[in-house]
Amino acid sequence: MYLDERSNKLLKEILGNPEISNFTLEEKFQLSRRQVSYSIKKINDWLESNNYPKIKRTSTGKFIVSPIIIDLFTDSATQQTKKSSYIPSEKERAKYIILMLLSSSEELSLNHFAFALDVSKNTVLRDIKYAQMIIEDYKLEIVYSRIHGYELSGSEWNKRKLLIELLLESFKIYDSEWYLQKSLDISTTEIEHLQQLMEKVEAKLQLKFSDERMRLLQYTIAILYRRIRKGEVIDDFYHINYEELSDTKEFEAAEILINDLGSVPKAERLFITLQLLTANVLTSQLLTDQELPQLRQALSECLNVFERKAIVELKDKEEFLDKLMLHMKPAYYRIKYHLTTNYKMIEKVSDEFDAIHYIVKDSIKPLEDYINCPIPEEEISFITILISGYLINSGKTIHMKKRAAVVCLNGVSISNLMENTLRDLFPEFYFYDAFSIREFQALDIDADIIFSPVPIHTDKKLFIVKGLMTDFEKLQLRQRVMKEIFGLNSNVINIDQLIMIIEKHAKIQEMQALEKDLQEYFTFQISSNEEKRTTGYNLSDLINLQTITIENHVDSWHHAIELAAQPLLTKGIITEQYIEVVKDLYPSVSPHIVLGRNIAIPHAGPEDGVNAVGMSLLKMNEGLTLEDGRKLHLIVVIAAVDKNQHLNALLQLMKLASTDETIKKMISTDSQEDIFETINKFSR
């Protein structure tokens, strides 16, 4: 009896969220109800065959998972002497075949692959065809000859990129280390030796690599040793700037890793240096203003632009710059040498922090100018995570609160996201700073509750969570935690139970559609007040018929500010002082307060006379002539009371300003109703 790939994914999902419904499993993994039921039966058969307790279900459809099963998943990666009970899928076998081609010191035949993966030769031949599809994007090819067997043909640089990405992907496979060590012929002793070397590197650099990066480096270096000894070295040296990397601490630390190899080509030492430079780290004691000062200056300029565009003030900016530098130092080398990985969570990150992400993208030019290349979308998303985490971190006190620890195997960015998401979700708890798994195991953490994305050994109350959760998943997690810790039932509606009641009195024609609509409806109802507090107002909430003014002629820029601000003054949202401060700040139309080509947004700080959040719009039919001869027709005065409430409306205004046809329509109309109708369309 074995656990297949689909069943493995479903089991991990159930471990992380026992509250999950069948419909959610079907939708998330694109499965039918029959397939989900079959996989759950297969999971239970597999558990029973291994003498583990089955997964049970309550009358309302919730899963009951024994803690023993969590221990099973915790131990599986360390019990490398056992035979794996997991059979990799075709896609997973193809990845192992490519890794074997990248790491083998001898000629490989079909027999090698068949033995390592425990499948037939015909299956291997099909898997090799699938592997060829995987490597096409890297301009590589699997070739065969009687003398050399199966080999990988193409650029060594592309092989190295493929190696790193495949190792990262393989770690997500169940029993991955068992298969890696068997198929790549890497012993536990060799991995332990490399861990000792990496810990020496950590000591020299005075930092801690994330658990995921530590494991990646161990296997990467093990395979690099083989390739270098085999003569498979980098020849396209132009990728790497020797002068730029040779004076880094990481270049010196690379010596620890290459001592056993004897004479190593300069390009290889630099490549290993790059692996250290691009590694995600959790802590660093040596980061100072003297390291990459131009990078720090570029980041500082980005933050200045962000503050202006978002109309927020970042407190303790120098301290935040230190944290941003901790992420951006390795990111700099990833970007410069095109080593950025295609992270899967980007779309969800953008949804989670849409307004902030939009403004971050609009503020990144100083960094692009410094590195002299575009910043990849995934790296911008990580910067968004850091800034968002900084903005929402409320710094709660610890008095009489339950103590919680977040354990994360990823780097500082995802750790911060998880930590800040959980801080916001559970204001009742005091949260320690996030720990890596190694740190958690080494330290005696006095915590009551542990949150982790993977099962870990602990005698504390453990909750398995994802780094990125939907609103409904957050509500489900909060319900489960509050019930288990305090015995409290929160207001999350049990959709399965509700459907059962509806079925007693009505015939349901579209079960899945009804379940989805109910879930979305109750999620919105429960979280609407919280959402208003955290995501803020829509544009139409602030700019309405009472705050829109139309004038034919305006004498001057300052006269325009006064007219535009008058509705806010009348409603008591701002004071006279606020208008005077705005006029002092902007003696003329500054380019950085013009959105698109035709909307100026003069504003001051909350402390300058703001009583409530607000926006007001002035449309000037004749327009105001600017220094470059263009006409400005629209002014929006913004009154912000904090860092967050106006951001959503500002995002919608920015999107409106980027649509030329919409702006032309607003300028040509003389109706407040028409202008408000246009604004309403962008308030989503």
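The values are calculated or read from the model by the stated rules, or taken from the named source; none is laboratory data. None of the values given here were measured: they were computed from a predicted structure. A quick note on method: Cβ atoms are made from the backbone with ideal geometry, for glycine too, and the neighbour counts reach across all protein chains shown.
If I filter the range 611-618 for residues that are farther than 18 Å from Tyr358 by Cα, outside any helix (DSSP H, G or I), under 31 Å from the mean Cα position of the chain (by Cα) and β-branched (Val, Ile, Thr), do I get at least one hit? Break it down into steps so the answer makes sense when it comes.
Step one: list which residues in the range 611-618 are farther than 18 Å from Tyr358 by Cα, which gives 611-618.
Retained after the next criterion (residues that are outside any helix (DSSP H, G or I)): 611-618.
Then drop every residue that is not under 31 Å from the mean Cα position of the chain (by Cα), which leaves 613.
Now restrict to residues that are β-branched (Val, Ile, Thr): 613.
Yes, that holds for at least one residue.
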Problem - Pick from the range 194-227, criterion small (Gly, Ala, Ser) and farther than 25 Å from Leu101 by Cβ, ranking: surrounded by the fewest Cβ atoms within 10 Å (Cβ to Cβ) - result: Ala203
Practice task
Could you tell me whether any residue of the range 256-273 is assigned to a loop (DSSP other than H, G, I, E, B) and either closer than 26 Å to Ile437 by Cβ or at pLDDT 85 or above (or both)?
Solution key: no
Problem - So Arg334, is it of a type outside the set (S, T, N, Q) and under 16 Å from Ser363 (Cβ atoms) - result: no
Handout entry: Criterion (modelled with pLDDT of 75 or more, under 32 Å from the mean Cα position of the chain (by Cα) and either closer than 18 Å to Phe171 by Cα or surrounded by 15 or more Cβ atoms within 10 Å (Cβ to Cβ) (or both)) met by exactly one of Thr74, Thr24
Key = Thr24
Fill in the blank from the handout: Taking the range 62-71 and keeping only residues that are over 28 Å from the mean Cα position of the chain (by Cα) and either modelled with pLDDT under 75 or hydroxyl-bearing (Ser, Thr, Tyr) (or both), one is left with Ser66, Pro67, Ile68
Completion exercise
Selection from the range 417-432 of residues within 18 Å of the chain's Cα centre (by Cα) and charged (D, E, K, R) yields Glu419, Arg423, Asp424
Practice task
Can you give me the ranges of the helices (runs of 4 or more DSSP H) entirely in the range 134-241 with at least 3 residues that are more than 22 Å from Glu439 (Cα to Cα)?
Solution key: 156-170, 176-183, 211-229
Practice task
Go over the candidates Lys129, Lys91, Lys121, Lys161 one by one and state the one that is within 24 Å of Leu224 (Cβ to Cβ) and among the basic types (Lys, Arg).
Solution key: Lys161
Practice task
Could you check, for the range 442-465, whether at least one of its residues is at pLDDT below 80 and among the basic types (Lys, Arg)?
Solution key: no
Problem - Residue under evaluation Leu167, criteria (1) assigned by TED's automatic domain parsing to the domain that holds Glu268; (2) within 22 Å of Pro330 (Cα to Cα); (3) not β-branched (Val, Ile, Thr), criterion not met - result: (1)
Exercise for the section: State which residue is surrounded by the most Cβ atoms within 10 Å (Cβ to Cβ) when the search covers only the range 620-657 and only residues that are in a loop (DSSP other than H, G, I, E, B) and of a type in the set (Gly, Ala, Ser). Expected result: Ala640
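Residue under question is Gln509, and the condition is that it be modelled with pLDDT under 85, outside any helix (DSSP H, G or I) and over 37 Å from the mean Cα position of the chain (by Cα); does it hold? Talk me through it step by step, then tell me what you get.
Numbers: modelled with pLDDT under 85: yes; outside any helix (DSSP H, G or I): yes; over 37 Å from the mean Cα position of the chain (by Cα): yes.
Criteria met by Gln509.
Looking at Ile550, is it touching a residue at least 24 places away in the same chain (Cβ under 8 Å) and surrounded by fewer than 19 Cβ atoms within 10 Å (Cβ to Cβ)? I'd like the intermediate steps shown before the answer.
Numbers: touching a residue at least 24 places away in the same chain (Cβ under 8 Å): yes; surrounded by fewer than 19 Cβ atoms within 10 Å (Cβ to Cβ): yes.
Taking the combined requirement at face value, the residue satisfies it.
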Exercise for the section: Go through the range 144-170 and give me each residue that's surrounded by 16 or more Cβ atoms within 10 Å (Cβ to Cβ) and among the aromatic types (Phe, Trp, Tyr). Expected result: Tyr150, Trp157
Fill in the blank from the handout: By residue number, the members of the range 432-458 that are without any contact (Cβ under 8 Å) to a residue 40 or more places away in the chain, part of a loop (DSSP other than H, G, I, E, B) and more than 12 Å from Ala404 (Cα to Cα) are Leu443, Asp444, Thr458
Practice task
Taking Ile385 as meeting all but one of (1) modelled with pLDDT of 65 or more; (2) within 24 Å of Glu439 (Cβ to Cβ); (3) surrounded by fewer than 17 Cβ atoms within 10 Å (Cβ to Cβ), write down the number of the exception.
Solution key: (3)
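Determine if the range 570-592 includes at least one residue that is assigned to a loop (DSSP other than H, G, I, E, B), under 30 Å from Tyr390 (Cβ atoms) and among the aromatic types (Phe, Trp, Tyr).
In the first step, residues of the range 570-592 are kept if they are assigned to a loop (DSSP other than H, G, I, E, B); the result is 571-573, 575, 586-590.
Filter once more, so that each one left must be under 30 Å from Tyr390 (Cβ atoms): 573, 575, 586, 590.
From the residues that got through so far, the ones that are among the aromatic types (Phe, Trp, Tyr) too are 586.
So far as the range 570-592 goes, yes, one or more of its residues are assigned to a loop (DSSP other than H, G, I, E, B), under 30 Å from Tyr390 (Cβ atoms) and among the aromatic types (Phe, Trp, Tyr).
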Problem - Number of the condition not met by Gln476 [criteria: (1) outside the structural domain of Val407 (by TED's automatic domain parsing); (2) at pLDDT 75 or above] - result: (1)
Handout entry: Cross-chain or 6+ apart pairs with Cβ under 6 Å, the range 610-623 first and within 13 Å of Ile635 (Cβ to Cβ), then at pLDDT below 90 and of a type in the set (Ser, Thr, Tyr)
Key = none
Exercise for the section: Could you tell me whether the range 588-600 includes any residue that is at pLDDT 90 or above, of a type in the set (Gly, Ala, Ser) and out of contact with any Phe, Trp or Tyr (no Cβ under 6 Å at 6 or more places or on another chain)? Expected result: yes
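For the range 102-122, what are the residues that are crowded, with 16+ Cβ neighbours inside 10 Å and within 37 Å of the chain's Cα centre (by Cα)?
Leu102, Ser103, Ser104, Phe113, Ala116, Leu117, Val119 - these are the residues of the range 102-122 that are crowded, with 16+ Cβ neighbours inside 10 Å and within 37 Å of the chain's Cα centre (by Cα).
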